[in-house]
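Starting off with a structure, shown below.
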4 protein chains.
Amino acid sequence: MPRSPKQLEEHRKQKKKLIMDVALELFAKGGFHATSISQITRKAGISKGLIYNYFSSKQDMLEEITETAYNEVYKNFDLDKDGVLTNEEFIFFIKETFRIVRENMSFWQLYFALMVQPGIQESFSEKYQEKSKPILNQIYAFLQKNGSTDPEGDLFVLSSLVEGAILYLVVAPDIFPSGKMEDKILQACFRLISTPEAPPKN
Amino acid sequence: MPRSPKQLEEHRKQKKKLIMDVALELFAKGGFHATSISQITRKAGISKGLIYNYFSSKQDMLEEITETAYNEVYKNFDLDKDGVLTNEEFIFFIKETFRIVRENMSFWQLYFALMVQPGIQESFSEKYQEKSKPILNQIYAFLQKNGSTDPEGDLFVLSSLVEGAILYLVVAPDIFPSGKMEDKILQACFRLISTPEAPPKN
Amino acid sequence: MPRSPKQLEEHRKQKKKLIMDVALELFAKGGFHATSISQITRKAGISKGLIYNYFSSKQDMLEEITETAYNEVYKNFDLDKDGVLTNEEFIFFIKETFRIVRENMSFWQLYFALMVQPGIQESFSEKYQEKSKPILNQIYAFLQKNGSTDPEGDLFVLSSLVEGAILYLVVAPDIFPSGKMEDKILQACFRLISTPEAPPKN
Amino acid sequence: MPRSPKQLEEHRKQKKKLIMDVALELFAKGGFHATSISQITRKAGISKGLIYNYFSSKQDMLEEITETAYNEVYKNFDLDKDGVLTNEEFIFFIKETFRIVRENMSFWQLYFALMVQPGIQESFSEKYQEKSKPILNQIYAFLQKNGSTDPEGDLFVLSSLVEGAILYLVVAPDIFPSGKMEDKILQACFRLISTPEAPPKN
DNA sequence: TATGAATGAGCATTCATTCAT
DNA sequence: GATGAATGAATGCTCATTCAT
């Protein structure tokens, strides 16, 4: 149906997005290897050959999906600020994180799968580190500002907490009363970053 | 070479264990679908046909592996106690958890893969819940005893923290200075379960 | 951009020639089956659909290419002469043959491929025989005039020699010092057609 | 049916030979690319998967076929002799060549196809040169002994003649009255290697 | 005339599983 | 218990060809 180069381009973009959306969902649900090209084309309502008009291989498709999703995810964080996070900004940060996860559940499911099985996409871990570095740096500075004597360790603890919560959110979204739980995680974060009393002996 | 029924049985058991060990490692490293029966038999030094003498299918093999690993893992926890955990016991608990993970890295890698992609083994999540229920119950009681006004929520927070840390341990064992990090996680746990001060407004 | 029917016709002709030239080169280099329509259109700078505006199928394209090349090749031989070849004309004949091959290397590479693998183009061999018949007849007469008692056999020998040399020229043009080798072949031809002495007993 | 390692090995060898024979015939007739694995398995009466129990790929199959055929072909030539060919031996040589070609027509058809289209099997030409080198060296010495002042050039002429004749034999076996033609080629060879009279001016 | 998105049959290859020995 | 040849369905991918524009 399209004709002009512009319409054509627009058409291609939409079609590609359709394919990527379908593929992401299937990859997330069933795994990369267990999802066949046929399944994708069937669900997307296109022919098998057409996939290769848009992607050079199944692997390439996965890479474009993760790249796009990462960009989509991180463009929401405003990281151009020069100062250090205020408490309010930190709170926003955590909340924003959960909101993004909740709106891209399929991607985050795929994210964990790829993290855990690095063989599937060689570059995935590096890509993630590169993208998340600026964010982690902001948190690091925030922890320093808040008086942490071991910001690296505290960052690790905080990351574990949030990553673990996201994992639960992704794996068992139904048993996760999201509003309340986010508040709990947020409170836990603040409790962890406040100046510590004497820790228990172990 | 074995002859008596008893020796025969012993022989079968050892062979089966060999196959399961090899398969677990390969499943963990490469993923269930990406690991072929051929790879397993090659690494185990057996013929392809023999696999089906011990397992009815590849899927069945996976199920036996996870079942066995779960039993292996949880038999280490002494859960027959009737009372409620002391602080020392709780500490032991957490430390024991990390020790077990570190000694069964392959299984825990597979654990996350199966958690995240339920299509691979339908029953996995239920099996896990059933097995971990008694443990979570103990922690629940411990939180109550420690004065928690929301033991369910606090349990979730604690689980997130520990699960998140284990994920890091499994995914990036090299960048995880395990001794120190376990202490940090332990401290964080105690900080989270001590009676809360006024939380920050958000 | 062309408008008048005549310009249009001219345009079509040029475009068709472009496609055929590109296709011939690719067919020769990579083989008919291994060369895709996409490769041809890419190299010719046209769209995929356009090919079918000029040819009804890939097979048809091949046939038009070989037909055209044959005509091109044989129109250079002046075969309207009524008499029999002189020695000078025979020499010119052989030299002309090598010149033509050297100027149409791609076609002659394809020629051998189609000769050897008749499945690719059913009609190729017949077409060749039909085209080369008048030439062979001239040589036949020339051999008779030169006193051959077995012109058919001698024609076969001569053809083998020349065809074999052309094969070398086409397959390994670099190791073929063409000037010298053509002289050698020419001398060999004359030696073969001169009245034979007593052949060796075998 | 087989059981002992020896029977098994024998069984494998026969099966492999069966596949290679069928494949050689189809490759020769239709070309490498135009012959599908399905065609081969259908004609060989085996399942598609079994091919890959014997060959790692279609390409590998081709390579094993050419390697085996070369060895088969050249083991017939007794090249261990230290002296130089006698006339009788040279005659035997040429006759043997034609006999071998006639008994392995499919291979020689494939031979020309691979020669002409080097893209199909990269190593083919080198393999051929390596195998035929000792033979060509013997002819070279024979030409020298016979008084050739340009043995290299004469070798080329002789090769062209024989190669050309073989090409005809392979491409059009029906129109080639083999007995007579071999004699003609043999006579032509001797005529070409006898001390030349004054060549014609050109 | 010219485009290129779309098709679907066909390809080489893989792999869990079977079974005669 | 153990072997490995054999199967065939399914996979990712290619490509000549069509057709709406």
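The values are calculated or read from the model by the stated rules, or taken from the named source; none is laboratory data. For clarity, every value in this text was computed on a predicted model and none was experimentally measured. Virtual Cβ from ideal backbone geometry, glycine too; neighbours counted across all protein chains shown. Calculation scope for accessible area: heavy atoms of the full protein, side chains included, ligands and nucleic acids excluded. Shrake-Rupley method; radii C 1.70, N 1.55, O 1.52, S 1.80 Å.
Looking at A:LYS58, A:LYS43, which one is more than 22 Å from the chain's Cα centre (by Cα) and either within 16 Å of DNA strand E (Cβ to nearest atom) or surrounded by 15 or more Cβ atoms within 10 Å (Cβ to Cβ) (or both)?
Answer to the selection: A:LYS43.
Shifting gears a bit: Select, from B:GLN138, B:GLN117, B:GLN109, B:GLN144, the only residue that is facing chain A (nearest Cβ under 8 Å), of a type in the set (S, T, N, Q) and over 14 Å from the mean Cα position of the chain (by Cα).
That would be B:GLN117, the only listed residue that is facing chain A (nearest Cβ under 8 Å), of a type in the set (S, T, N, Q) and over 14 Å from the mean Cα position of the chain (by Cα).
Output the number of the condition that D:LYS13 fails; it satisfies all remaining conditions of (1) touching a helix residue (DSSP H, G or I) at 6+ places or on another chain (Cβ under 8 Å); (2) modelled with pLDDT of 95 or more; (3) away from DNA strand E (no atom under 12 Å from the Cβ).
(1)
It is to be established whether one or more residues within the range D:46-53 are under 28 Å from D:ILE100 (Cα atoms) and near DNA strand E (Cβ under 10 Å from one of its atoms).
No, there is no match, as no residue in the range D:46-53 is under 28 Å from D:ILE100 (Cα atoms) and near DNA strand E (Cβ under 10 Å from one of its atoms).
Looking at (1) open to solvent by less than 40 Å² (accessible area, probe 1.4 Å); (2) in a loop (DSSP other than H, G, I, E, B), find the lone condition where A:THR149 falls short.
Going through the list (1) open to solvent by less than 40 Å² (accessible area, probe 1.4 Å); (2) in a loop (DSSP other than H, G, I, E, B), A:THR149 breaks only (1).
If a residue has to be within 29 Å of B:LEU26 (Cα to Cα) and not in a helix (DSSP H, G or I) to count, how many in the range A:118-146 make the cut?
Count: 6.
In the range D:102-118, which residues are farther than 16 Å from D:ILE65 by Cα and open to solvent by less than 10 Å² (accessible area, probe 1.4 Å)?
Across the range D:102-118, the qualifying residue is only D:VAL116.
Let me ask something else. Which residue pairs have Cβ atoms closer than 6 Å, lie 6 or more positions apart in sequence or on different chains, and pair a first residue in the range C:180-193 that is at negative phi and more than 7 Å from chain D (Cβ to nearest Cβ) with a second residue that is open to solvent by less than 30 Å² (accessible area, probe 1.4 Å) and of a type in the set (Val, Ile, Thr)?
Pairs that qualify, where the first residue is at negative phi and more than 7 Å from chain D (Cβ to nearest Cβ) and the partner is open to solvent by less than 30 Å² (accessible area, probe 1.4 Å) and of a type in the set (Val, Ile, Thr): there are none.
Also, quick follow-up: Please name all residue pairs, on different chains or six or more residues apart, with Cβ atoms under 8 Å, provided the first residue is in the range D:33-44 and is within 14 Å of chain C (Cβ to nearest Cβ) and on the phi > 0 side of the Ramachandran plot and the second residue is near DNA strand E (Cβ under 6 Å from one of its atoms) and in a helix (DSSP H, G or I).
That search, which allows pairs on different chains as well, returns nothing.
Inside the range A:29-40, can you point out the residues that are closer than 17 Å to B:GLY30 by Cα and either surrounded by fewer than 22 Cβ atoms within 10 Å (Cβ to Cβ) or not aromatic (Phe, Trp, Tyr) (or both)?
Listed by number, the residues that qualify are A:GLY30, A:GLY31, A:HIS33, A:ALA34, A:THR35.
I would also like to ask the following. On the basis of being touching a Leu at 6+ places or on another chain (Cβ under 8 Å), closer than 30 Å to D:GLY31 by Cβ and open to solvent by 30 Å² or more (accessible area, probe 1.4 Å), does C:LYS48 make the cut?
no
Quick one: which of D:LYS6, D:LYS75, D:LYS95 is at pLDDT below 95, within 12 Å of another protein chain (Cβ to nearest Cβ) and open to solvent by 70 Å² or more (accessible area, probe 1.4 Å)?
Unique residue meeting the criteria: D:LYS95.
Return yes or no: is C:LEU158 closer than 19 Å to D:PHE112 by Cβ and facing another protein chain (nearest Cβ under 10 Å)?
Answer is no for this residue.
Is it the case that some residue within the range D:20-39 is over 19 Å from D:LEU114 (Cβ atoms), among the aliphatic types (A, V, I, L, M) and away from DNA strand E (no atom under 11 Å from the Cβ)?
no
Quick test of your reading of the structure: A:ASN202 fulfils all but one of (1) open to solvent by 30 Å² or more (accessible area, probe 1.4 Å); (2) farther than 19 Å from A:MET115 by Cβ; (3) in the same structural domain as A:GLU88 (by TED's automatic domain parsing); (4) at pLDDT below 90. Name the failing condition by number.
(3)
Pick from the range C:165-178 the residues that are more than 9 Å from chain D (Cβ to nearest Cβ) and open to solvent by less than 50 Å² (accessible area, probe 1.4 Å): which of them is farthest from D:LEU161 (Cα to Cα)?
Going through the qualifying residues, I end up with C:SER178.
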